[in-house]
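The values are calculated or read from the model by the stated rules, or taken from the named source; none is laboratory data. Computed from a prediction, not measured in an experiment: that's the story for all the values here. Cβ coordinates were reconstructed from backbone atoms using ideal geometry, including for glycine residues, and neighbour counts include every protein chain displayed. We work out accessible area using only protein heavy atoms, side chains counted, and drop any ligands, DNA or RNA first. Shrake-Rupley method; radii C 1.70, N 1.55, O 1.52, S 1.80 Å.
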Amino acid sequence: MITLKHLFMLPELSTIKPVAGEAGMSRTISGVNVMESDCLFDFFKAGELLVTTGINMDHDEEKLITMVKKTYDHQASGVILNVGPYIPSIPNEVMDFANSHRFPIFSMPWSYRVADFVKITVQFLAAAEQNQSRFKDLLSELLFQSVPDRAYVTAELEQIGTQADQSFSIVVCSYDSDQLPVSLVYGIEMELSRKYRLLQSMHRENQLIYLTVQIRGSDLPLMKLTEAIRAKKTEWRNLSIGSGSEYPVMEAQRSYQEALTVLRLAKRHPYLKICEFNDLGAYRIIMDVRDPRIIERFYQKYLGQLYRYDQLHETDFVPFLRVFLEEDGRTATIAHKKFIHRNTVLYKVKKIEAILGADLGHPFVKTNLQLAFMIEDLMR
């Protein structure tokens, strides 16, 4: 990820100073756009850094404030204000807005040529893009090679200023299309950067995969960040994000598989609102059982007989039982959810109890059946 922080480490840009919204310096930057009117945002792309001299604003602070707010709404990386005859000073309202929204505002001296800034930035981004494409091979090596090359991985991490002895985690973002909108990618990275250092990324089918290091002291729940992204646009509501646990870099495959497990379970049970492997509760206990035969015997003991009955008699008692457990046996709710009469609910409950020889109202029985369904979730 190429961020504002990376760009402004260049010595050539040392006279351009952040004056507000510095908490957002981890925002990614995709390009630079020089704009002098707040009526030209049709030509603006998410992730761009806007530069303006204010020449068309007639010293009207309201116009400048409006431009900054529109720039933020269009998911800009930040704004550079060329302070001089047209922008004598940066209004307090702009500073307050930037600080409250973690939106970087920079002050550029009038003596610094805008054309020079554009040239330096474009060259930097082009060089960084070349490195990014090279580092995609690093993530592929870590996640999809049975035995990653340790020497290669260590050398590549050093190239991006990261030590291989840290703990890393994989974050996977899943969308319902192979093509992720650029604005969505930017929105994802802007939110994730509040919790993680995003080291590298790759796009694979409908997945956006990140190699990350968690920021020290950042205890933001990933679900909170996910919901913030979904809230920005209606069409982003089907975005799912899952993260694996932290591991040494050579074990990144484990973190990736955990992230995929989270996504699979979150899709099956959206009401659970899970995004992180550490939040899977009893699922993790099941996954830690080393002997698969133990899991299989338990599963068959509690659900195998009911499955066989359904297959033989073409009934639907297994899916009904899952709903029964999810709704904690509430007859009216189950009837509404399954579009059946409450008497039918009571009949099915009695029939299942007869088949299993168990009381579905007993907490111990319900717990074991729920565990059996959780095993099924992990098996399929």
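Within the stretch 270-281, residues that are crowded, with 20+ Cβ neighbours inside 10 Å and assigned to a strand (DSSP E or B) reach no partner that is among the hydrophobic types (A, V, I, L, M, F, W, C) and modelled with pLDDT of 95 or more with beta carbons closer than 9 Å at six or more positions or on different chains. When the stretch 161-198 is filtered for residues that are among the hydrophobic types (A, V, I, L, M, F, W, C), surrounded by 14 or more Cβ atoms within 10 Å (Cβ to Cβ), over 13 Å from the mean Cα position of the chain (by Cα) and not in a strand (DSSP E or B), only ALA164 remains.
State whether the residues of the stretch 351-367 include one that is within 36 Å of the chain's Cα centre (by Cα) and closer than 28 Å to THR261 by Cβ. The answer is yes, given that some residue of the stretch 351-367 is within 36 Å of the chain's Cα centre (by Cα) and closer than 28 Å to THR261 by Cβ. Being in a strand (DSSP E or B) and in contact with an Asp or Glu (Cβ under 9 Å, 6 or more places away or on another chain), is that true of even one residue in the stretch 222-234? Looking through the stretch 222-234, none of the residues is in a strand (DSSP E or B) and in contact with an Asp or Glu (Cβ under 9 Å, 6 or more places away or on another chain). Checking the structure you have, find out if any residue of the stretch 66-74 is open to solvent by less than 30 Å² (accessible area, probe 1.4 Å), closer than 26 Å to LEU198 by Cα and of a type in the set (Phe, Trp, Tyr). Within the stretch 66-74, none of the residues are open to solvent by less than 30 Å² (accessible area, probe 1.4 Å), closer than 26 Å to LEU198 by Cα and of a type in the set (Phe, Trp, Tyr). I'm trying to understand the selection: among the residues of the stretch 277-332, which are touching a Leu at 6+ places or on another chain (Cβ under 8 Å), within 30 Å of MET223 (Cα to Cα) and of a type in the set (Val, Ile, Thr)? Within the stretch 277-332, ILE286 is the sole residue that qualifies.
Among the criteria (1) in contact with an Asp or Glu (Cβ under 9 Å, 6 or more places away or on another chain); (2) open to solvent by 30 Å² or more (accessible area, probe 1.4 Å); (3) free of Cβ contacts under 8 Å to residues at least 24 places away in the same chain, the one LYS366 does not fulfil is (3).
Do we have GLY329 as of a type in the set (Gly, Ala, Ser), part of a loop (DSSP other than H, G, I, E, B), farther than 30 Å from LYS224 by Cα and open to solvent by less than 40 Å² (accessible area, probe 1.4 Å) here? Yes; evaluated as a whole, the condition is true for this residue.
Do we have MET9 as closer than 21 Å to LEU125 by Cβ and either open to solvent by 20 Å² or more (accessible area, probe 1.4 Å) or out of contact with any Pro (no Cβ under 6 Å at 6 or more places or on another chain) (or both) here? For MET9, the condition - closer than 21 Å to LEU125 by Cβ and either open to solvent by 20 Å² or more (accessible area, probe 1.4 Å) or out of contact with any Pro (no Cβ under 6 Å at 6 or more places or on another chain) (or both) - is met. Can you name the number of the only condition in (1) open to solvent by 30 Å² or more (accessible area, probe 1.4 Å); (2) over 10 Å from the mean Cα position of the chain (by Cα) that SER218 fails? (1) is the only condition that SER218 fails.
I'd like to know if the stretch 162-177 contains one or more residues that are of a type in the set (Asp, Glu) and without any contact (Cβ under 8 Å) to a residue 40 or more places away in the chain. Among the residues of the stretch 162-177, not one is of a type in the set (Asp, Glu) and without any contact (Cβ under 8 Å) to a residue 40 or more places away in the chain, which makes the answer no.
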